[in-house]
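The values are calculated or read from the model by the stated rules, or taken from the named source; none is laboratory data. Keep in mind the model is a prediction, meaning the values are calculated, not measured. Ligands, DNA and RNA are excluded from the accessible area calculation, which covers all protein heavy atoms including side chains. Shrake-Rupley method; radii C 1.70, N 1.55, O 1.52, S 1.80 Å.
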Amino acid sequence: MRSAAELRKEKECTHIVATEALKYKTTIGKYKKALSQAKNDINTKDNELTRSNKNLEKAEKDLEASKTQVTNLQAELKKTQQLKDEVRITMDQTLKDKQALVDKKAVTMMPS
């Protein structure tokens, strides 16, 4: 049979081991919680990155569409400018032709 001193010593050792085990269990729990939070943070950042990538892809498509629209508008502007030039040339020629007719009539109507 064990003596009271041995039992006390065994009880103290058991208490020390139990206390250390509780500390380790608490620490492990904290680490698990921190790991879980880190995983959540990573998932959140991953979702944000995915959303940002989608927004970037949409912005790139919008930019390409805008570039195409600008190119089309530039082509229309060029055509409009050409038509304007043609109308101006035609009007100038018409005015010259009318002036020539007026001058011709004026010469024929002048008394000699």
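Data for the structure
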| quantity | calculated |
| --- | --- |
| Alpha-carbon centroid distance for the pair the stretch 14-46 / the stretch 52-112, whole angstrom | 76 |
| Lysines whose Cα lies under 19 Å from that of LYS11, excluding same-chain neighbours fewer than 8 positions away | LYS23 |
| Table column - 3J(HN,Hα) (Hz), the stretch 25-33, Karplus curve with 6.51, -1.76, 1.60, x for Gly and Pro | 4, 5, 4, 4, x, 5, 5, 5, 5 |
| Solvent-accessible surface (1.4 angstrom probe) belonging to LYS9, in square angstrom, nearest 10 | 120 |
| In sequence order, calculated HN-Hα J values of the stretch 77-93 (Karplus, 6.51, -1.76, 1.60; Hz; x Gly/Pro) | 4, 4, 4, 4, 5, 5, 4, 4, 5, 4, 5, 4, 5, 4, 5, 4, 5 |
